[in-house]
Each structure stands twice: as structure tokens, then as C-alpha cells.
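As C-alpha cells, the structure follows; a few thoughts come after it.
The values are calculated or read from the model by the stated rules, or taken from the named source; none is laboratory data. Predicted model only: the values in this text are computed from it and were never measured. Because the Cβ atoms are built from the backbone with ideal geometry, glycine has one as well, and the counts that use them run over all protein chains shown.
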Amino acid sequence: MTVDPDLISRPAAPGSKAESRSYDDVMHCNRCGFCTSFCPTYLATGDEGLSPRGRNQTWRALMEGRLDPSDAKRSFDTCLLCGICTSVCFAQVPTARLMSQARETVRNAQGAGGPLRFFLRHILPRPTLFEGLLKILYVGKKTGVSRLLNRWGVLRWISPRLEAAEEAVDRAPTSFLRDLLPAAEKYVEVVHFLSCGPNCVNPEIGLATAHILKVQGVRAGTANTVCCGLPGQSFGDLEAARILARKNIEVLENYPQATILIDDSSCAATVKEWPRFFEDDPVWRARAEAVSRRAKDVLEWLTLRPLDLSASSENSVVTYHDACKARYAQGLVTEPRRLLAGVPGIEYRELPEADQCCGGGGTYQFMQPEISKAVGQRKAENIAATGATLVLTSSVSCLLQLRSVLRKAKSKVQAFHIVELLAKGAKPL
Amino acid sequence: MSHSPFLSALRATLGRDAVLSGKGELFPYAYDAALDQRLPGAVVLPRTTAEVVAVVRLAREYGVPFAVRGAGTNLCGGTIVPTGGLVIHVSRLNRLLSIDPERRRAWVEPGLINLHLHKSLAPRGLFYAPDPASQKACTLGGNVGTNAGGPHCLKYGVTSHHVTGLELVLPDGGVIRVSVDDAGFDLTGLFVGSEGTLGIATKIEVNLLPQPEDVRTCLVAFSSMEAAAQTVTDIIAAGIVPASLEVMDRLTVAAVEAFVHAGYPTSAEAVLLIEVDGPRDQTIPESRRIRALCDKNGGTDFRTAVDEREREKLWEGRRGAYAAMARLAPNVLVEDGVVPRTRLPEAVKKIRAIADRHHLRMGLIAHAGDGNLHPNMIFDERDPDETARVLGAGQEMMRVCVDLGGSISGEHGIGADKREAMRWLFSPPTLFLFREIKRAFDPAHLCNPDKLIPVADVPPGPRGAGFVPHEGAYSVVSVDEVLGLVRSARDSGTALFIQGSGSKKWMVPDGKTVLVTTGLHRLVDLDRGNLTLSVMGGVELPALRTELEKEGLFLHVGGSGTLGGVLSTNTGARPSLRHQILGLKAVSGDGELLSFGAKVMKNVAGYDAARLFLGAWGTLGVIVEVTLRLHRTPVECWAPAPAGPPNFSGLSTEELHRKVKAAFDPQYLFNPTLFAPPR
């Protein structure tokens, strides 16, 4: 055995409690490498540094003082947080979770990300402010100003991320779900959680869910919730994630009996993960547990409360893309397939590599446009191979990415949220 | 180094996105699945053979040591370059190039993942046999480098049985194509298992098999490892060749069950996973007989997978055995030793004792049918004392395997970690030959330079000759007589013509010195339990076959004349002779006794130089002893009349052939009319 003297592994200097937990977890990566061939970013680039093993070992080396934060950053920032690696890892190393911590450690060490932190901690928790700003930006999109700026290369000149963002967001609704749906009364059966995707980008998804609830005869309404905290996790600002979670928990405690129904799987996974945000805070942990226990992904809800569906008039060939946050974070694999099997008049075809991330990853598609595009291309090819006319999924992040890659591939296949299809055929009981 | 001229040249050749150079980019290439960690100076991600050639030429120009890397799943530090060296990562060379269903062959690139090949072949009803436990991630190129095995090689053989052609980038940047169908030395066979020390495979032709009609997988528990091992011996002695025979001990089963829930019995001391495949009218009676043999040895909890899903589950348990140990501690050292099958219980006992003596936690799994053991020791590399104990224990375990007539690696390879242990297995002249082979391919010594062969010691000095050979025939009867004659020929510069039964007398010109091998006919070792035979090279095959058949033992080697003669000339034989040879001893042109292989079914220690003697027409040395597989069932052996000696001087790979020839026979002593010295 030969090891460079400065690469010899030694126990890490003590960090925060969260870092120590993360360190204990990463120690179980014994470098077998079985995860590499499943990782979308490794498959797209062939670079070990962009594989789960590379990320775990880099994180470990950083904590052990063998690497500097600036050296480690690339490996961490390129992770899609999809979680497929953990699903094939015998030691169950939670790489996606470790990467949130790793990003925070790097940002703290570098003292970077001031404006982003301000946005996450001070704007995002205030819906009036955040959604107001968004509507102003949407005016730019609606009037075509942003597209023009994009066509002239101005956005690219400022940042390729801006260009990617402009391309990905294909809708600019003037009314958000918050404006369109009624507020819940105290003893409603269901609180319809306002996930940012269905709320601010694709309200038609939320309306479809609301329609289904109405058909089911369920008393439901929205609450004054805010973003679930996922962006805080992704950007490595776990305090921002806690601020958002606490705010939501306080609001949702006002509806003590309600099921919290979430029609975006990324959001649902995060709400279910809230207790883990407070591992060092027993009081908030208990409150988070009480609320998270009531959270249901719309895929679960529909499996528990099946719909009576009339035959689809479109005679579509349908395929399904698993949102990673449904499949890996919540284990919802058979549920959507069972739901689709119950739709009369459609032909379902399984998507090759349905378990592979689409490369959306929330803001990833703007932050890492090149890798995102490469991962998405593979997804588009797989979709084309099915011959389907419709591809369904359960998260707006996936939906934006699927529509973007299908558009680029000049494909005729249309992408929708699964509730949009189900709402169409839902017959009143 | 980030601004060095070498890096600039790499970037200019490959483009920026294919060259990694910052510390953070390089660090993930400092490790593989073993313990070695050294930081390379650059990593390249080529997309074509031409790019590999360009990179190798640059490395040579700048004198930078380099190594090729696939998925980095290997367990012996084989892909770790010397600090500051160059890693050539072939992950982007990952295409399945073509499938020829008629000839059942496929061409692939080295970065193609083994499992992805399986998935592509399945719809065509075909499969590629070698399936190492790392199959989900490992690459075909890596499989070629290490001559990878896997649980199914008991029946189907290892990687070298299934690689039929290669496109190679040699360490000087030259590109050659070699094939097992070529005349001349078996360079394809030599390259497989050479751990990236002889060049880089950029295209690989593999042999495909039709999927068996039926597969039966069963699991059975035993109250002792000995009972499990006895069952294995009994099954094989009964003439059954299962696709696999895997054994796991209690600690391993506990670790696996905690994650996979495959339904393995956690209270048993040993669990045997047995799979038979083939046509249904064969698998049904076979699995019934296996059941009876398990019962006889006290097996309990016998169950057969009822469907594909259950079968997958049972296999997932076995494949995850190593990784599952990682749940118990940060590190797992997977040792890899091999012994004659019949010595398995003894080896297990001794290996357990070593682990106990060093106070180590160890799970044991084995490809029991092959005698290939994997002790998995768990530890924490941050504890230097525990790490040292694990490494020390590993060495002792390898020693045990060697002492029992086995080898230090059945399938993982030698790499950086077992180089020194090669001395236990090979004599100084054989190691010297390995260095000469390495030098033939890589005179600048840059291509994975610090692997496989231990650091040089003094070359064997010439030993006394004594006489000048006269014209005419010398009929030798012992290895010593061969050594004496060859040394005399060497010192006097006398050409030697090697003759067996005399069927090719036309080869020998008048007035020359002839070494007649028919006196070398002694049977050295017949191991009925292990099903191996060691016999001297001059033995007459028909007589040998008759003797063996009296005992119900069969050679799968056709042809008449001497064994040495058939091996040297009969390259077209079916089944292929190359799969029947486990070991070989020969006298080289230096007058040294070379010894390769052992009486074990799997062995990847050192270059597979024995195979070079097949089809060499006696131009590399005198075959004095051969170790062969024996079988319990006969097959039809087809041995066509030899097509005649190859025209060595007209081969497209003549230059390489001359270099290999010089490594064995620098003076062109043997059969010089067939392979004449350069003018």
C-alpha cells in the first residue's frame, strides 16, 4: 500500500454537530464504486469527480484537511441531489444529503453567496414580497422583453445561467394559485400546500388538483404557507431552509387535523424531511414531526382515494418519468404506474431509464446548464424511443426540464403533470 | 503543474474539457477501490483511439508515467499512477460498436460498463459470460486488464476465455490489432490480465453465448464450512458442472441480510448458493442430484428460487456481500487467494486462525467451485495500527494459499499491492522473463510502470554448461538433462531442434542437434478430487488418454503425438486448448526453468505467458511439464491437422513477435528455420 504523505487519512478536526454527523455517514463510503454507473452526472461527463464516490471522497478529504474548499466546490455543486446513488449503495451513504452539508461548509469557508443568502432568508419567506417581485419579472417575460434580450445575447453575456433560466420558464402566469384558490377553514380535511412550482409557474397543476379534490368531495383550501425550504438545502444554506420550515410549521399547526396535500413531489419530499432539519433542536424537531407526518404527495393521496375515471378521448400513448424526489426520497415507484393503469383508453409504455434523473434538479438547470442539457438529452432520446405522445411526471422541476429538452429536440411529445391527465377524466362520485 | 508544457500540449490535443489538472479535479483519481492514494499530475478523458495514441505519444515525449483507468473498481491499486503521473480515463470510450449474432462476437470500447453490455445483449438472447461482483460499474477494459472472473466462471471461464480480439495502443503510440485466430504467438492471451502494463486496449472483441434455456438457483445452509466444502467437492466429483457454486459464511450472511433481505438463513455457519443452467432435461435431474448431495452432507433449509425475481434477490445477496460489509466499518479489505478445490476447508481454517490472531473481524466468501477465496476484513484506515494488522494478515493469508499449492490472486490482480508477494510464487528466472516481456512492449518503462512485477533483482547469471552438443538426437529423460543440453547449446551457440513423436521430421534439417522429448513422459501429479493432472511434455497423448479413461477421467485435448507437440502446433483444436492448460513449465533459451500457473482453476498472478507456447512451434522454449484440467465427462475433441508453421517473418506484428521471442530465446536457439534471426 502506498499513500502520498499529504493524502493519508486521519480523523477530521471536530466541526459543527451537523458536520460530525455528515462525517460519520461519509466514512461508510468504502470506495467500491458501484454507484458510479448510475449517477447521471458521471454518465454525462465520465468524470470520477462528478460521481457519488468522487463527491463522498472529496467531502471526506475536505473535512480531514486533505483538500481546500475551493478544490472541493466543483464536485459538490454539480450534484443533482437525485439520490439514485443511495438506492444502489449497500452502505446506504446518503450522498445527496451530505452534499447539502458540504455546500454549506464550503460557502461558510468562502464567505460567499451574500445576495443569495439574503434572498433565501429574507425575501423567500415573505410571499407578498417574493411573489410580487416575480410578477414584475413576468411582465418582462410576457411582453417578450426577456426573449428579445436573450435573442440578442444580452442574457448570455450577463450569465449563461440567466439565459438558461429564461429558456426554461415557458409560462408567466399573471395570477398565482394563491390568488385563485380559496383559503382553508380551521377544520378542513385537506390543506392544499402551495408549492412554488404549481403556485407561481404552472397554476394549472394546482387547479387540476383542486378539481380532483372537489370531485372527491373533499373540503380543502390553501394556507398562508411559504416555500418548503428545498432551495436552502440545494444552495447549502441550511439555516434558510430552517427559517422556511419553521414558518410553514407555524402556519400548518393552525390546521391540526388536516392532511397536507402536496402536488409537487420535490416539495413533498422536503416537507417530509423537515424533522431532519432540526436534529439539534428537540423542540422544533417534535413540532416538525407532528406536521410532516400529515404530509402526503398527491401520488399517495390518489392511490389511497382512487378516482372513477371516464375514458380518455385522446387515445394517447403515455409514458412516465419518475421525479427523483418521488422515487428516491419517498419511495413512490408503483403508485404512479398503478394510477396510470387505471386510466381507461390510454396505452402505457414504460420509459427506458425512467429511474434516471432528467437533469432538472430545481435551479440546477440554470446553475449547471451544460451538464443539465447533457443529462436531459439522454432523457429526450429515451422518451422518443417509447413512441409515446405524452410524458407525465409529478414535479414542476422535471416538467420544466422535460418541456425544455423536448422543445430543443423538436419533439412533438407533450409533457404534463400526472394530475392534469387524471383531472380531465375524473367523474363526480 | 497546472501550467506545465505537458498540460498545455494535452489541452491543445484533446481540448480543455478532456483534461483535468486542478487538485480538486485530480483528487478523485488518487484512489480506486483499494487503499493506495497518490495524486496524479493530469487526467485525460479521450473519446477516440486517435486521441489515446496522441496522449500516449505526448506522455512518452515528456517522460510522464501513465496508466489507463476504467471504473476504478479494482482492489489492488492497479490504476493508481506514480505521484504526478498521467491517468488515461477511458469512461468516454464506452460504445458498443457492433454485434455479429451469426459469429456470436461483439466489438466494444474499453469504457463500456459490463452490465450495460449485458442489458444490450439480453433482447437478442445472448450474454457475455464474465460477471464480476462489480458488474454494475466495472468496465470491459478493466475486465481485460485484470482478467476478471466472477461467480459464473466455474462453468464458463474467465475473461481470457471470452476475449477474441483487441485493438491495442502500444506504449510507444503504435496501434496493432491482434486476434486469437492469428497465426503466431497468442498476444491476445498475453495481453488479457496484463493489468495495463503492456499497452491500452481501445477496442475489444468479445465472445457471446446463447442464453441457457433454463436456470435453477438454490440456496442451502450448513452447520460447518467443512460440510459446505465437502458438498462442493461431491457435486463436481459427480460430474456436474454448475454455472456457479458460491459459499458465504455467517458474518457475511448477517451483513447482507441486513440490507437485501434475500431470505438467507442467518444462523447457519455456511450458506451455499448453487446455480445450474442449460437445457431443461439436464438442469432438472442435475438439481435433483445436487439436492441429494446436500442432504447427504447435512444441508438444511434447501430452497430453489421459484421465479426470476427471487433468483435476482438471491444473487443480489451474493453480489453485495463485499459492499454490505461496508455497513459494519469504514473499510473492507477484500483478499483474493486461490487453492486447489480440495484444500478449501484447510485454507478456511488457517485463514480464520490468522484473522483471530490479529483480532480482526472477517467475513468469508468463496467461489468454492474454483477454490477462489475472498476473506473480507473490516477496519478503519484512520487507525494506522489496525490497518497494519489487516495488511499483515492479508499477506499471511496469501502465504497460506501459496503453501497449499495455490496462488495469490484468482481474479483481482496483483497491481501495486501484491508485487512483492509475486516472489513466493515465481522463481527469479520467471520474474526476469516477466520483466523482459514488459521491456519488449515498453522499453521506456512508462506504461503503468510500478505494477505486477516486483522491483528488479539481479538477473540470473549464466550457469555452467560443460559440453558442446554434437549433431544428431539427444533423447532427454529429465528436466535437468534438458537444462544441461540447452545451456550447452546456449554457450556454444548451437541451434536446437525440438522433436516429439517425430511426425514433423521435415522441420529438422540434416546435420543438426535435435532434442527429443519422448523420454519426458512421467506423470507428475494426478489429483482426482481437484480434477487436475500434471504430466511431462513428452508424454504420448493417446496412451495418456487411455490410462485416464480407465479411471473415468477425461482430457479435453485431442490430437496424437506428444502433448508438447500438440500444444505447440495444434492451434485449431476444439475445444480450444488454451482453456485446458492451468500451468506450464518450460526451459528458455537462457537455459532457465520457467514455471507458470498452478493446479488451480483461476489464477491471474503474472503474465499469462504459458499461452504463448500454444502455436509457437517450439520457438520459445522446451515444454517440460504441463498442468491440465481433467473432466468427468468426455467431449468430442476435434484436432485438425496443423496448418503448418506460421511465417513469423511475414506477420503484421513481426516486430512485436521478435521482441517477445528475444525475451524467451535471445539467441534464436530453438527451431531457427521456423523463426529465423533477423538478417
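Can you name the residue in the stretch A:1-31 that is touching a Phe, Trp or Tyr at 6+ places or on another chain (Cβ under 7 Å) and assigned to a loop (DSSP other than H, G, I, E, B) and is also farthest from the other protein chains (Cβ to nearest Cβ) among such residues?
Kept after step one, since they are touching a Phe, Trp or Tyr at 6+ places or on another chain (Cβ under 7 Å), are these residues of the stretch A:1-31: A:12, A:26, A:31.
With the extra rule that they be assigned to a loop (DSSP other than H, G, I, E, B), the set shrinks to A:12, A:31.
Working: A:Ala12: 9, A:Arg31: 5 Å.
Applying the filter and picking the extreme gives A:Ala12.
So which strands (runs of 3 or more DSSP E) are wholly in the stretch B:297-395 and hold at least 2 residues that are more than 14 Å from chain A (Cβ to nearest Cβ) and within 28 Å of B:Tyr156 (Cα to Cα)? First the steps, then the outcome.
Working: elements: B:300-304, B:331-334, B:361-367, B:372-379.
It comes to B:300-304, B:361-367, B:372-379.
Check the stretch B:566-579 and report whether any residue there is modelled with pLDDT under 95, under 22 Å from B:Pro340 (Cα atoms) and in contact with a strand residue (DSSP E or B) (Cβ under 9 Å, 6 or more places away or on another chain).
So far as the stretch B:566-579 goes, yes, one or more of its residues are modelled with pLDDT under 95, under 22 Å from B:Pro340 (Cα atoms) and in contact with a strand residue (DSSP E or B) (Cβ under 9 Å, 6 or more places away or on another chain).
Of everything in the stretch A:42-65, what is over 24 Å from the mean Cα position of the chain (by Cα), more than 8 Å from chain B (Cβ to nearest Cβ) and not acidic (Asp, Glu)? Give them in sequence order.
A:Arg60, A:Leu62, A:Met63, A:Gly65
So B:Glu381 fits all but one of (1) modelled with pLDDT of 95 or more; (2) under 21 Å from B:Gly78 (Cα atoms); what number is the exception?
So B:Glu381 meets the others, but not (1).
Going through B:Ala270, B:Ala258, B:Ala262, B:Ala243 one at a time, which residue ends up being in contact with a Phe, Trp or Tyr (Cβ under 9 Å, 6 or more places away or on another chain), of a type in the set (Gly, Ala, Ser) and within 14 Å of chain A (Cβ to nearest Cβ)?
B:Ala262
With respect to A:Ala288, is the statement that it is in contact with an Asp or Glu (Cβ under 6 Å, 6 or more places away or on another chain), surrounded by 23 or more Cβ atoms within 10 Å (Cβ to Cβ) and outside any loop (DSSP other than H, G, I, E, B) true?
Working: in contact with an Asp or Glu (Cβ under 6 Å, 6 or more places away or on another chain): no; surrounded by 23 or more Cβ atoms within 10 Å (Cβ to Cβ): yes; outside any loop (DSSP other than H, G, I, E, B): yes.
No; evaluated as a whole, the condition is false for this residue.
I need a count of the residues in the stretch B:22-59 that are crowded, with 22+ Cβ neighbours inside 10 Å and of a type in the set (Ser, Thr, Tyr).
Within the stretch B:22-59, residues that are crowded, with 22+ Cβ neighbours inside 10 Å and of a type in the set (Ser, Thr, Tyr) number 2.
Among the residues of the stretch A:79-99, which ones are more than 9 Å from every other protein chain (Cβ to nearest Cβ) and either among the acidic types (Asp, Glu) or surrounded by 24 or more Cβ atoms within 10 Å (Cβ to Cβ) (or both)?
From the stretch A:79-99, those more than 9 Å from every other protein chain (Cβ to nearest Cβ) are A:79-87, A:94-99; that's our starting set.
Scanning the stretch A:79-99 gives A:Cys79, A:Leu80, A:Cys82, A:Cys85, A:Thr95, A:Leu98, A:Met99.
Hey, among B:Gly405, B:Gly464, which residue is part of a loop (DSSP other than H, G, I, E, B), at pLDDT below 95, surrounded by fewer than 21 Cβ atoms within 10 Å (Cβ to Cβ) and away from every other protein chain (no Cβ under 14 Å)?
Details: B:Gly405 fails: at pLDDT below 95.
Answer to the selection: B:Gly464.
Do the conditions hold for A:Ser404, that is, is it assigned to a helix (DSSP H, G or I), outside the structural domain of A:Ser37 (by TED's automatic domain parsing), of a type in the set (Gly, Ala, Ser) and in contact (Cβ under 8 Å) with a residue 24 or more places away in the chain? Talk me through it step by step, then tell me what you get.
Working: assigned to a helix (DSSP H, G or I): yes; outside the structural domain of A:Ser37 (by TED's automatic domain parsing): yes; of a type in the set (Gly, Ala, Ser): yes; in contact (Cβ under 8 Å) with a residue 24 or more places away in the chain: yes.
When the stated conditions are applied, A:Ser404 passes them.
Just checking, which of B:Thr197, B:Thr252, B:Thr231 is crowded, with 21+ Cβ neighbours inside 10 Å and assigned by TED's automatic domain parsing to the domain that holds B:Ala129? Give the derivation first.
Working: B:Thr252 fails: assigned by TED's automatic domain parsing to the domain that holds B:Ala129; B:Thr231 fails: assigned by TED's automatic domain parsing to the domain that holds B:Ala129.
Result: B:Thr197 is the single residue among B:Thr197, B:Thr252, B:Thr231 that is crowded, with 21+ Cβ neighbours inside 10 Å and assigned by TED's automatic domain parsing to the domain that holds B:Ala129.
Go through the stretch A:32-41 and count every residue that is facing chain B (nearest Cβ under 8 Å) and assigned to a helix (DSSP H, G or I).
Step one: of the stretch A:32-41, the residues facing chain B (nearest Cβ under 8 Å) are A:32-38.
Imposing the further condition that a residue be assigned to a helix (DSSP H, G or I) reduces the set to A:36-38.
Qualifying residue count, the stretch A:32-41: 3.
Of the conditions (1) within 24 Å of B:Phe379 (Cβ to Cβ); (2) in contact with a helix residue (DSSP H, G or I) (Cβ under 9 Å, 6 or more places away or on another chain), A:Asp71 fails just one. Which one is it?
All conditions are met except number (1).
Taking the stretch A:326-364 on its own, how many of its residues are part of a loop (DSSP other than H, G, I, E, B) and at negative phi? Let's see the steps before the verdict.
Of the residues in the stretch A:326-364, the ones part of a loop (DSSP other than H, G, I, E, B) are A:328-333, A:342-346, A:349-363.
If we keep only those that are at negative phi too, we end up with A:328-330, A:332-333, A:342-344, A:346, A:349-352, A:354-358, A:360, A:363.
Selection size over the stretch A:326-364: 20.
What number of residues within the stretch B:316-347 are at pLDDT 90 or above and either more than 30 Å from B:Ala237 (Cα to Cα) or in the same structural domain as B:Ile235 (by TED's automatic domain parsing) (or both)?
Selection size over the stretch B:316-347: 5.
May I ask you to verify whether B:Ile414 is under 27 Å from the mean Cα position of the chain (by Cα) and either more than 14 Å from chain A (Cβ to nearest Cβ) or assigned to a loop (DSSP other than H, G, I, E, B) (or both)? I'd like the intermediate steps shown before the answer.
Details: under 27 Å from the mean Cα position of the chain (by Cα): yes; either more than 14 Å from chain A (Cβ to nearest Cβ) or assigned to a loop (DSSP other than H, G, I, E, B) (or both): yes.
It is true that B:Ile414 is under 27 Å from the mean Cα position of the chain (by Cα) and either more than 14 Å from chain A (Cβ to nearest Cβ) or assigned to a loop (DSSP other than H, G, I, E, B) (or both).
So, in the stretch B:163-172, how many residues would count as being surrounded by fewer than 21 Cβ atoms within 10 Å (Cβ to Cβ) and outside any strand (DSSP E or B)?
Of the residues in the stretch B:163-172, 2 are surrounded by fewer than 21 Cβ atoms within 10 Å (Cβ to Cβ) and outside any strand (DSSP E or B).
Just checking, which of A:Val191, A:Val145, A:Val169, A:Val154 is in contact with a Lys or Arg (Cβ under 8 Å, 6 or more places away or on another chain) and either within 25 Å of A:Glu273 (Cα to Cα) or of a type in the set (A, V, I, L, M) (or both)?
A:Val169
Return yes or no: is B:Asp277 outside the structural domain of B:His118 (by TED's automatic domain parsing), out of contact with any helix residue (DSSP H, G or I) (no Cβ under 9 Å at 6 or more places or on another chain) and not in a helix (DSSP H, G or I)? Even if it seems obvious, please write down each step before you answer.
Working: outside the structural domain of B:His118 (by TED's automatic domain parsing): yes; out of contact with any helix residue (DSSP H, G or I) (no Cβ under 9 Å at 6 or more places or on another chain): no; not in a helix (DSSP H, G or I): yes.
Against the criterion (outside the structural domain of B:His118 (by TED's automatic domain parsing), out of contact with any helix residue (DSSP H, G or I) (no Cβ under 9 Å at 6 or more places or on another chain) and not in a helix (DSSP H, G or I)), B:Asp277 does not qualify.
Please work out which residue is surrounded by the most Cβ atoms within 10 Å (Cβ to Cβ), limiting yourself to the stretch A:202-223 and to residues that are touching a residue at least 60 places away in the same chain (Cβ under 8 Å) and touching a Pro at 6+ places or on another chain (Cβ under 7 Å).
A:Ile205
Does B:Arg399 satisfy being closer than 20 Å to B:Val81 by Cα, outside any loop (DSSP other than H, G, I, E, B) and in contact (Cβ under 8 Å) with a residue 12 or more places away in the chain?
Answer is no for this residue.
Could you check the stretch B:567-585 and list, in sequence order, the residues that are of a type outside the set (D, E, K, R), surrounded by fewer than 23 Cβ atoms within 10 Å (Cβ to Cβ) and outside any strand (DSSP E or B)?
If the condition is that a residue be of a type outside the set (D, E, K, R), surrounded by fewer than 23 Cβ atoms within 10 Å (Cβ to Cβ) and outside any strand (DSSP E or B), then B:Asn570, B:Gly572, B:Ala573, B:Pro575, B:Ser576, B:His579, B:Gln580 are the ones that fit.
Using the structure shown, decide if A:Arg55 is surrounded by 24 or more Cβ atoms within 10 Å (Cβ to Cβ), in a helix (DSSP H, G or I) and among the charged types (D, E, K, R). I'd like the intermediate steps shown before the answer.
Working: surrounded by 24 or more Cβ atoms within 10 Å (Cβ to Cβ): yes; in a helix (DSSP H, G or I): yes; among the charged types (D, E, K, R): yes.
Here the answer is yes, as A:Arg55 does meet what is asked.
What tally of residues in the stretch A:52-75 results from selecting those that are in contact with a Leu (Cβ under 9 Å, 6 or more places away or on another chain) and under 26 Å from A:Arg378 (Cα atoms)?
Total meeting the criteria: 4.
Matching residues to (1) closer than 16 Å to B:Val206 by Cβ; (2) touching a Phe, Trp or Tyr at 6+ places or on another chain (Cβ under 8 Å); (3) at the interface with another protein chain (Cβ under 10 Å from one of its Cβ atoms):
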residue	(1), (2), (3)
B:Leu39	no, yes, yes
B:Glu51	no, no, no
B:Arg57	no, no, no
B:Tyr62	no, yes, no
B:Ala67	no, no, no
B:Asn74	no, no, yes
B:Gly85	no, yes, no
B:Leu93	yes, no, yes
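The conditions are (1) under 25 Å from B:Leu485 (Cβ atoms); (2) surrounded by fewer than 24 Cβ atoms within 10 Å (Cβ to Cβ), and B:Glu551 fails exactly one of them. Which is it?
In the conditions (1) under 25 Å from B:Leu485 (Cβ atoms); (2) surrounded by fewer than 24 Cβ atoms within 10 Å (Cβ to Cβ), B:Glu551 misses (1) alone.
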